[in-house]
Structure formats: structure tokens, C-alpha cells
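Let me begin by presenting the structure, written as C-alpha cells, before commenting on it.
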Amino acid sequence: MLAIAYGHAGGGSGITRVLATQAPASPADVATDSDLSPNQDVLMKAIRTYVVRANLPEALQPLHDIAMNLGWLSDPRVQSLFARLREDRRGGETLDPIGTLYAAPQERLVALASDPSYVAQATELRDSLERSLAMPRWFQLHQHGHLQSVAYFSAEFGIAKALPQYSGGLGILAGDHLKAANELGVPLVGIGLKYRHGYFTQSLDHSGWQREFFPDLDPEQMSLREIPGVRVPVEIGDVVVHARAWEARVGRVPLYLLDTDVEENLASDRLITDRLYGGDKEQRIRQELVLGIGGVRLLEHLGYAPQVFHMNEGHAAFSALERIRVMMNEHGLDFRAALEAIRPATLFTTHTPVPAGIDRFPRELIDRYFSGWCGEVGITLDDFMAMGHEPGSPAGQELNMAVLGLRLAHASNGVAKLHGDVSRSMFQSLWPDLPVDEVPIGSVTNGVNARTWVMREMDDLFERHIGSDWSEAEPERWSSIEDVSDEQLRSIRAAGRDRLVQFARDRVRRSLIAKGVSAPEAEWANEILDPNVLTIGFARRFATYKRANLLLQNEGRLRDLMRDPERPVQFIFAGKAHPADEPGKRILQQVAQFALDARNRTRFVYLDDYDIEVGRFLYQGVDVWLNTPRQPMEACGTSGMKVVYNGGLNLSILDGWWAEMYAHDLGFAIPTAWWIDDVEARDTHESRTLFRVLEDDVVPSFYGDDGSILPPGWTTMMRNSIVRLGPAVESTRMVRDYVTEYYAPLAERAAHVHRDLSSIPGDLAEWKDRIRSGWDSVAVLDVVQSQSEDLGGLATRVDVIVDAGRLRQSDLEVQILHGPVDMEASLVAPEVVAATSVDAEPDGTATHRVTVRPTTTGRHGIAVRVVPRHDELGHFTALDCLTWAK
């Protein structure tokens, strides 16, 4: 029996045509109009399309239950079970369970349904997996205060190939965040958008120029379930737009995606969730309204009451605005009090190391889409614009979404230690009187979900030496990998490299045929690459700052590396450029043309339509992962983390995560010429440096003196990398950091405030107004320093006389910063101590005293500042009031 689903043919650029000469055996075998050669047959366009699927026998219902949970996809038992449905599975391929199920031939399903052992295996595995959802995990086995639920908002989620709702690193990171929350048992719910066409599918024309097309995505093949009867209303300007909700399961973690493509909406509003990062600024703001405002309303409708709201990038910042509105309506607070009520539960994460990467919306769009909201909450449009105003830009003209997120959140973080430094510098203008080191933006270094990216041989190795819970193991347990022999490591690396070579050959051949190349003419693809040669991989978004063409600055030197008769090197590149990024597309074209050059193509390969599955083969197959960003423009760069679990080593600019975790015995560093201001000159310098590292360090280390590969020195680096980086770059470490450093403390503070919503937020808002209005009257009148011998060391007593002006001394805290000074008398890593008020005068002045005790000798100094103090303030940086003694 066949099940037939009817639907309309895709519209616009999403329409694809099947080449007349062969059937579309895979997505690689279809081409856009722009790819058709003039001599090919004219193809007939369908006016209706329909999907023919096999009917799933009732006995195999457990397969569908398993396939509908994306958190189980990487489980080896699941992969083994679904492999029985496929006879053409490539070695190393991670099957998409839902797609495999829908593509299975009817006769195969009938045969398996008649196999009692297979049915029993499927049923037992389904039941076992479902039981595992209720088992206590790390979160349940430890105390985390008031934390009971976290809502995680993101514009994209990269969880599996089956759910193509991601463009790159931000989405993959969000997906790994959900997977880690599942493994740790963290009570988290994801909120995003369902895009009808996802990001885009990539093909290259004969010149190597990127073409994009946008196929309609079938929710049934994305492991999505529509939540019946749900329509979330969102005011988009003067129109109420309705969004339906879809649910995906990532283990025990639910992910809800909103979608405006419903009949109740106008045709233009149905296109709001058409494409990820598609369209202009107006399309983006409409999408972010649905994500932020619609997401909060959906959570309320479904009965969620999160203690913490995590805004993953500025795309999600509008969620805080809806929470303010709800707080006002449900608790009778004014706008200022409502803001103070929601802020303690809010975390903002920035992933953007460059100002150009931040969404900015002009005043006219804010007026169009938020004038009604402003009227409802009782603020002016100028008040609204001020919340997202970046100091130094014209007031009231542009809303900066990162600035809005920072101002609405109680805590904020970057995604690597260096990125935290970069973010503090980039946003220092919001706290102009603070030293850059004290700008209140922390950092949690990203991680990756190892089980998603690890090859099966390594997974088996880790289970034997570390345990079945290896991905969550503490660092000391990873030391057992030091007992793994060189031969075991060589064997595993050979398996991964061989599978990658076979995958690349097949994909390049299919891509050529899809472009109209005949099968005999495409035969050369079967000879590309060598499974016994040093293999270096590069795959990521083709943004200009990532410099995918850095090697191509010296093509002759690159060819010499590839053609070396004794120690050859081969390269595999992949990645997409944003459809609107013309410079990025030109770099991609340069790489693709170099790869198709007959002089290069056996040792330099470009794989088109980069996605999770392509990435998985690369991470599992390469010996070295290349990363060449222009420092410090890489926020984290998690792709290099994924090779760690497969025995690969990193060769990278010291940027992102590699800047904090690199050591000479873990991999290779490309020194950066940060002192060169001219971009072209810097790129030229760093290209030469890259070749030097390859020629002098990487290649000689990979090949033994006898020409063999992976000598003992290399395998020792592999062990070091796995043992020391393995626990450090896992996403469970990242989510544990978020729980302990942000989620739990925020939930504790929010619980405190919410215990007395009738007074705490309002009182704090009024106090802030009073402090702002009277701060200009605060003055440091004198600083008196005296020294005395104290227990064998030199102690310094500091008396600070402060005039509170129109404020009270109890509103103020006097802080002394002390420590060593450099040649210019600037404090170096000073300690901050609070003084105690010891003497108050009737005229409003008071003496504040502290004794500081230096712990080192040499030249020291002190600085004095007055900051606002309130028990409910959290941190003085929440109020932009600061006075330094002069």
C-alpha cells in the first residue's frame, strides 16, 4: 500500500528541475535553471507535485517513535536499527532516521515487519530510550537553587541534517546547546522559527559561482509535529499575524518553532518565516518580532514559566519587551518597575566580534512596528530608541539589537575568553567611565556535542577506556586515553581518512553530472585524493574575514606542497557564502576554480552544498583542521573542536577558542601579524607564515623519516589533544558553565525579586531615578593616604572624604583600587576593596576608610571611585553613575 501526499509545486526560485537524462537519485542530482547547459533538453514544469511514500506497518511504529526524537539520532543502536532499511548506505554515513523511514521501499518495510526479532529489537530500543528520559542526570543529582526551567531563544538551530534550520556556527552551537542540556538533564526549552525553505541549497555553475535555490521543506521529514489548535497572535505593525507552532524533541528537551505560513495570514505575512536570514531589514525585524514576542506568548500558552530567559544573540532581544508588557498587565507595574522585574531573569549572549555583524534597524521601522507597543506600555518612541542606542552614533536614529540585549539583560557573555575581551572593548562605550576590563560582559567558551561528530571507532574507543558516559566525564578520566597504542590511533585515522576520500570522490562526481558533465567525462573524480596522504580540511561560512583563500595567495608554493613526491599534502574545502555577500562569493569562486583546475584537482577539492553530513565526514576524516580568521574576528570557531574527538589536530590562527586552549604539544599555531594595520599587507604576511608552519612543522611531523605516516611524535600529539581538549571543548562542559555561572544565580535573584513584585522592582526603579538625577552633586573632596608598619609588612590606610550632595551617604559605596603600577603610573590588575564609612558630618560629607595591604613589593598606586549602592542593584554597573577622585 502506498501513501500519497499532495501539494503545490514550489514557487519562485525554489522550483527545481530534474535533468532529462537521469532520475534524481539524490539532492545532488538536481539543478537550478541557471545550471542547465544550452544543449540540454527543455524540461516540462509540473503544476502540482505529490509525494509517494510507503505505508508504515503497525508493527514498525516504534521506528517512527524513535525517528521523531532528534536527540537519539547519534545513538549507535539507532543507527544500526535504521541501517536495516538501507542497502546503499555509505561507510561512515550517519543516517537520518525520519528520512530513511520515509524513503524505505514498501517491500522492505513489509519484510522487516514480518521479522519478529527486528520488531522486538525496535520495540525494546524505543522503550529503553523513552525510559532514559526520566532517569536523573547531572542536573538532578546536584543542587541548583531555584532553577527549574530555562527558555533558550535563537533564530536558528542546527540539530540534524533532517532539520535544516541553520546557516552556520550560531545554529550548530544552538543545536549542541540543546543536546548538552538533554544529556545533563537541564530543564531547558528551545524557541525558534520554522523556515519554509530553511537557509538555501547551494550549487556552483561552470565558473564556480555560487547559485542558491530554496526548496520547500516537508515538516514530516524534519521530525516535526505540529501542535494542534495553536495559533499565536503577534502584532506586526497594524496587522495581527498568526503563527502556528511545531515541536521537535531533542531527547528530553523540547524545541518549539513558530511559522507564519498559515491561511489566516495575508500572503505577505505568510512569507515572514520564508527563509532564514533572507530579505531586507524589514523582513528581519518582522522575523525577530515573531521569534521574540511570539515565542514568549507560545511559552505562556503551553504552560511554561521559565525562571531564566537566555537570548542567544540580538535576534531574540524583543522577547524581553513582551515580558515587560506582560509584567505590567498582570502585576500592575509601570514600565520602569516592569523592566526591573524581568531583568534579573535575563541572560544575553553575543556571538559577534565585529560591529558590522549586528542587526540595526532604522527609526522608521521601529516607528512602524513598535509605536503601538510604546503607547501600550507608556513610553515614547525616543525612550524606546534610547534603549538600543549605541553611544557615538546619532541619537534616536538607529536601534542596535546587541545594545538592546545588553541593556535589558542582568548578565551578558561572549563565547570565548578572547571574545569576552573583544566584546568588552567593543561595547565599552555603554560604560564609558569604566576600565575595559571591568565592562560587565563575561564569557563562556562554546563547546560541541561530541556524540554528534565522533566517528564510530573513536566512540567505541572512548567507551572502552573512559566509560559509556565519556562525553560527560571529568578531565581526570580522560587520562586513560594515554594507554591507547600508536597502532590503534593509526588504524582509526586510516579508517576516517579512507571514508572521507570515498565520500569526496562520490560527491564531486555527482556534482559534475548534475552540471551536465557526462558520466565518462566525470570519471576523473574517482581518482581524486589519496587515503594515505596528509589531509587538511577547511569548512565554514565564506565570510571575508575567515580568509578561505589565504593559501591561494601563493599558488605555486601551494602546488609544491601538493606535488611533493615524498611528503605530499591534500586539501578539502567546503562552505557557503551568504547570498548577499558578493565579496564572500568571489572568494568561494576563487577556491572552486582552483579546485577544478586540472593541475590541482587530485590534491585540492571543493565539496559543494556544505551541511551537517558533509561536515561530519570532514571532521572524522581530516588529519589537520585549518582555520585562518583575521584575529580577533573569530568569536569562537567551534569547527576545530569537532576534529579533536576524531584524532585530528588543529592548525589555526590564535583566535577564538584556540587562543585560550592552544599549547605547542596539542596542535599548531599560525602567528598573527596584529601590528600590521593594512589588511592586504597583513594577509600577505600571514599567508607566508602559514606556509612556513606547514612546511617546517606540520608536514615533517606527519611523515616519518622513512616516509611512513603518523610517526610516534604525531600520535603523541593526538593523545595530548584528546586527553586535554576532549573534556574542555564538550558542550556538556559549556552548559554546566552556563548553569553554575549564569542560570542558577539568575534564577536565585529572579526568585528573590518575584517574591515581592509589589515593592522591590518599583522601589528600585524609583531609587535609580533619584540617583541619576542627583549624581552630578556627588564629589570626592579629599583622599588622605597614610602608611604604617603592620605585622612585618607595609599597610596603607586610605581616608576618602565624600560629599553626597543631594543624595545620601547610604546610597554610595567608596571603592579603592590598588596594586602595582607600570611606567606610566597605570594600575596593573588592581584589587578592588570597599571602604567603610567611619565619620559622617551634619553637612552631608563623610569619611570612608579602608586599609590595603600590598602582597608584592615595588611601585604601587591607588585609585578611588564612588559608585551607587543598593541591596537590590546586583552590581553598580547596572546604573551608569560613577565618580573618580582626581
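Report, ordered by chain and residue number, the aspartates and glutamates lying within cross-link reach of Lys515, taken as a straight Cα distance under 17 Å and ignoring same-chain residues fewer than 8 apart.
Partners found: Asp29, Asp33, Asp35, Asp41, Asp205, Glu212, Asp506, Glu523, Asp597, Asp608, Asp609.
For every other residue with a beta carbon closer than 15 angstrom to the beta carbon of Leu381, add +1 if it is Lys or Arg and -1 if Asp or Glu, then tell me the sum.
Its environment carries a net charge of -4.
For the stretch 142-259, what is the accessible area per residue in Å², given a 1.4 Å probe and the full set of protein chains?
28
Using +1 at the Cβ of each Lys and Arg and -1 at the Cβ of each Asp and Glu in the stretch 759-886, identify which of His860, Ile760, Thr883 lies farthest towards the dipole's positive end.
Value: His860.
Non-local amide H neighbours of Ser837 (under 5 Å, H modeled in plane, Pro and chain starts lacking H): which ones?
Sorted by chain and number, the residues that satisfy this are Arg849.
From the backbone phi of the stretch 534-543, what are the Karplus-calculated ³J(HN,Hα) couplings (6.51 cos²θ - 1.76 cosθ + 1.60, θ = phi - 60°) in whole Hz, Gly and Pro given as x?
3, 10, 10, x, 8, 8, 4, 5, 8, 7
Quantify how much of the Cα-Cα distance distribution of the stretch 108-176 extends past 20 Å, in percent.
Percentage above 20 Å: 64.
Between Arg567 and Ala356, what is the spin-label point distance in nm, taking each point 7 Å from the Cα along the Cα→C-beta axis?
3.7
Give me, ordered by chain and number, the residues 5 or more places off Ala795 or on other chains with an amide H under 5 Å from its own placed amide H.
Here Ser788, Asp790 satisfy the definition.
What are the residues whose amide H is under 5 Å from the amide H of Asp359, where those residues sit 5 or more places off or on another chain and H is modelled from the backbone?
So Asp359 has HN proximity to Met401, Ala402.
Rounded to a whole number, what is D in µm²/s for the stretch 525-632 from Stokes-Einstein with the Kirkwood radius over alpha-carbon pairs (25 °C, 0.890 mPa s)?
The diffusion coefficient I find is 173 µm²/s.
Using the structure shown, select from Lys161/Lys585; Lys546/Lys585; Lys281/Lys585 the pairs with a Cα to Cα distance greater than 19 angstrom.
Lys161/Lys585; Lys281/Lys585
Sort Ile366, Ile760 by heavy-atom solvent-accessible area, probe 1.4 angstrom, most to least.
Ile760, Ile366
May I ask you to evaluate 6.51 cos²θ - 1.76 cosθ + 1.60, the Karplus curve with θ = phi - 60°, for each residue of the stretch 347-362 and list the ³J(HN,Hα) values in order in whole Hz, giving x for glycine and proline?
10, 10, 10, 9, 10, 9, x, 10, x, 5, x, 9, 5, 10, 10, x
Could you tell me the accessible area of Arg249 in Å² (1.4 Å probe, neighbours in place), rounded to the nearest ten?
80
So if R0 is 35 Å, what FRET efficiency would Glu766 and Arg797 give, r being the distance between their Cβ atoms, rounded to the nearest 0.05?
0.45
Once you put a point 7 Å from the Cα of Ser479 and another 7 Å from the Cα of Leu141, both along the Cβ direction, what distance in nm separates them?
Calculated label separation equals 2.0 nm.
Provide Rg over Rh for the stretch 728-816; use the alpha carbon set for both Rg and the Kirkwood Rh (inverse mean inverse pair distance).
1.19
Before anything else, pin down the relative contact order of the chain: Cα pairs under 8 Å, at least 6 apart, normalised by residue count, whole percent.
Relative CO of the chain lands at 11 percent.
Report the far tail of the P(r) of the stretch 155-229, meaning the percent of Cα-Cα pairs longer than 15 Å.
Roughly 63 percent, rounded to a whole number.
I'd like the Karplus ³J(HN,Hα) series for the stretch 817-834: coefficients 6.51, -1.76, 1.60, θ = phi - 60°, whole numbers in Hz, and an x wherever there's a Gly or Pro.
9, 9, x, x, 10, 8, 5, 9, 6, 8, 5, 10, 6, x, 8, 10, 10, 8
Can you tell me the order of 809-817, 578-586 when each peptide is scored by its average per-residue count of other Cβ atoms within 10 angstrom, highest first?
Highest to lowest by the protection proxy: 809-817, 578-586.
So how strong a dipole does the stretch 606-710 carry about its Cα centre when Lys and Arg Cβ are +1 and Asp and Glu Cβ are -1, to the nearest 20 debye?
With Lys and Arg at +1 and Asp and Glu at -1, about 180 debye.
Considering only protein heavy atoms and a 1.4 Å probe, what is the carbon-and-sulfur percentage of the accessible area of the stretch 48-103?
47
With all protein chains present, calculate the accessible area of Leu626 using a 1.4 Å probe and round the result to the nearest 10 Å².
The value for Leu626 is about 10 Å².
Sum up the charges of everything whose Cβ sits under 9 Å from the Cβ of Gly91, counting Lys and Arg as +1 and Asp and Glu as -1, but leave Gly91 out.
Neighbour charge sum, excluding Gly91 itself: +1.
Once the Cα atoms of the chain are picked out, what are the Rg and Dmax in Å?
29.4, 98
Per residue, how much accessible surface does the stretch 704-841 expose to a 1.4 Å probe? Answer in Å², no decimals.
I get 47 Å² per residue for this part.
Please work out the Cα convex hull volume for the stretch 663-737 and give it in Å³ per residue.
Per-residue hull volume (Cα only) is 126 Å³.
Tell me the Rg and the Dmax, in Å, that the Cα atoms of the stretch 403-529 produce.
23.9, 69
For the stretch 504-563, what % of the accessible area comes from carbon and sulfur atoms, probe 1.4 Å?
Carbon with sulfur: 41 percent of the solvent-accessible area.
Net charge near Arg599: determine it from the other residues with C-beta under 10 Å of the C-beta of Arg599, scoring Lys and Arg +1 and Asp and Glu -1.
Taking every other residue near Arg599 into account, the sum is +2.
Just flag the GluC sites (Glu not before Pro) in the stretch 266-332 sitting in loop per DSSP whose Cβ has no more than 14 other Cβ atoms within 10 Å.
In loop regions of the stretch 266-332 (DSSP not H, G, I, E or B), there are no sparsely surrounded GluC sites (Glu not before Pro).
Taking the Cα-to-Cβ direction at Gln787 and at Arg688 and moving 7 Å from each Cα, how far apart do the two end points lie in nm?
Reported label-point gap for Gln787 and Arg688 is 5.0 nm.
The values are calculated or read from the model by the stated rules, or taken from the named source; none is laboratory data. None of the values given here were measured: they were computed from a predicted structure. With ideal geometry, Cβ positions are generated from the backbone for all residues, glycine too; neighbour counts draw on all protein chains shown. We work out accessible area using only protein heavy atoms, side chains counted, and drop any ligands, DNA or RNA first. Shrake-Rupley method; radii C 1.70, N 1.55, O 1.52, S 1.80 Å.
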